[in-house]
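The values are calculated or read from the model by the stated rules, or taken from the named source; none is laboratory data. Predicted model, so just to flag it, every value in this text is computed and none were measured. So basically every Cβ, Gly included, is an ideal-geometry build from the backbone, and we count neighbours across all protein chains shown.
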């Protein structure tokens, strides 16, 4: 599971030069569909890596809540949406739109007016985040998911537990 956190982190750093364009959201959906509940821990470790690189400011606490929360929401929706990539693309677009609002929540405790203005000022960036998520999910979402399912099936990974079968000899 730590390797999945590294994949999230490296993908975020690789695209850091593009404002609000990232594959982390898509990868969290894919990983959650494959490994279920374990991904909230992957997200928390990813956030730790970002904090180590970028510093542990107030933004970091938002990340620590937002990314694991996203994996929990994806896990809850996975039973309804299953492998429908059109719906996941829409969900990823909506995620991009609401990300800034969720990110502004901790600022409410400092100054509600500031939190609101922070969120409103970020709406153009949220729209870019939405467009990026939709484009990325539409182009590479399903192929990445199918490739990982194929790799998982060839390597004996147990989708219910997110672990290799040979690591769990008692199952």
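Quick one: would you say residue 87 is assigned to a helix (DSSP H, G or I), at pLDDT 95 or above and surrounded by fewer than 16 Cβ atoms within 10 Å (Cβ to Cβ)? Working first, answer last.
Working: assigned to a helix (DSSP H, G or I): yes; at pLDDT 95 or above: yes; surrounded by fewer than 16 Cβ atoms within 10 Å (Cβ to Cβ): yes.
Judged against the criteria, residue 87 is a match.
Does any residue of segment 94-104 turn out to be touching a residue at least 60 places away in the same chain (Cβ under 8 Å) and within 17 Å of the chain's Cα centre (by Cα)?
So far as segment 94-104 goes, yes, one or more of its residues are touching a residue at least 60 places away in the same chain (Cβ under 8 Å) and within 17 Å of the chain's Cα centre (by Cα).
Would you mind stating whether residue 103 is in a helix (DSSP H, G or I) and modelled with pLDDT of 95 or more?
Taking the combined requirement at face value, the residue does not satisfy it.
From 112, 143, which residue is surrounded by fewer than 13 Cβ atoms within 10 Å (Cβ to Cβ), under 25 Å from residue 22 (Cβ atoms) and at pLDDT 95 or above?
Within the list 112, 143, the selection yields 143.
Here are the criteria: (1) under 15 Å from the mean Cα position of the chain (by Cα); (2) not in a helix (DSSP H, G or I). Tell me which single one residue 75 does not satisfy.
Checking residue 75 against (1) under 15 Å from the mean Cα position of the chain (by Cα); (2) not in a helix (DSSP H, G or I), the one that fails is (2).
Among the residues in segment 115-132, are any assigned to a loop (DSSP other than H, G, I, E, B) and either at pLDDT below 95 or crowded, with 17+ Cβ neighbours inside 10 Å (or both)?
yes
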